[in-house]
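Input: a single structure, listed below in structure tokens.
No lab work stands behind these numbers, since they all come straight from the coordinates. This is a predicted model, so every value here is computed, not measured. Note that each Cβ is placed from the backbone with ideal geometry, even for glycine, and that neighbours are counted across all protein chains shown.
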Ligand code: DX5
Ligand code: ZN
């Protein structure tokens, strides 16, 4: 199943509750909440109090992406605020495995994110414990960037390795994804799609979400798109 997780970074913050309702009605299954501390990434967004406040307006799954240093300091706060999935960055702390285990011990779903320069192999030892891996398709920090095509092969490597072990894990992609280029990510093995500007800047969120789900279903993992691109039969448009 393909999941669309709109990132509220591109939403109108003065109407956050209404913006979330809008994409929920339009068919989104998660809401992606980007938390930035100005240290791990050169930008700041919002923290647990904002999440706690919007939690009261919806029961949709909150997919919280922590772009903060030493995330272990704040896991309890985000759980209390109503996070359903907590994603920490591999690069953000000394012992990501310990933080992942802590999140799991609190009955929340745990995910590990890797930046574009981080090799996919770092997540392999934890695949059996993780609920999801997030492969960043841009440098984290800002919405509205262009997807980096070279990150897509990391999605394929992780999906192939997980399949070999018989592990059915979610693989999320985040950054610069739109209804046209998402097929490269799903064909490589992604099944949870984050999109900020593509959804919130569109005149009709429903049209984009439907188009995204349709494209994902047409190009699931291993559907051969990569070979056709290689042979020049399909033009690569990322
Ligand atoms: C980037 C964030 C993304 C971002 C996605 O650091 O993690 O979630 O908001 O926005 P778009 O889809 O506009 O790239
Ligand atoms: Zn994100």
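Fewest first, what order do 230, 24, 153 take by the number of other Cβ atoms within 10 Å? Show your work: numbers first, answer last.
Numbers: 230 10, 24 18, 153 14.
Least crowded to most crowded, the residues run 230, 153, 24.
If you stretched the chain out fully between residue 228 and residue 168, how much longer would it get, using 0.36 nm times the residue separation minus the C-alpha to C-alpha distance?
19.0 nm
Which residue fluctuates most in the GNM of the chain (Cα springs below 10 Å): 220, 125, 140?
Of 220, 125, 140, the Gaussian network model singles out 125 as fluctuating most.
By counting other Cβ atoms within 10 Å of each Cβ, how are 90, 124, 30, 184 ranked from fewest to most?
Arranged by neighbour count, lowest to highest, 90, 124, 30, 184 become 124, 90, 30, 184.
Out of all DSSP beta bridges in the chain, what portion is antiparallel? Express it as a percent rounded to 5.
Antiparallel bridges make up about 5 percent of those DSSP assigns within the chain.
Who wins for biggest fluctuation among 34, 170, 207 in a Gaussian network model of the chain, springs between alpha carbons below 10 Å?
Greatest mean-square fluctuation among the candidates belongs to 207.
Grab the beta carbon distance between residue 25 and residue 145, set R0 = 25 Å, and tell me the FRET efficiency rounded to 0.05. Walk me through the intermediate numbers first.
Working: r = 27 Å, r/R0 = 1.09.
For residue 25 and residue 145, the calculated efficiency is 0.35.
Using a Gaussian network model of the chain with C-alpha springs under 10 Å, which one of 16, 130, 182 is most mobile by mean-square fluctuation?
Checking each option, the largest mean-square fluctuation is seen for 16.
Where does each of 14, 53 land when they are ranked from fewest to most other beta-carbon atoms within 10 angstrom? Can you show the working numbers first?
Numbers: 14 7, 53 14.
The most exposed by this proxy come first: 14, 53.
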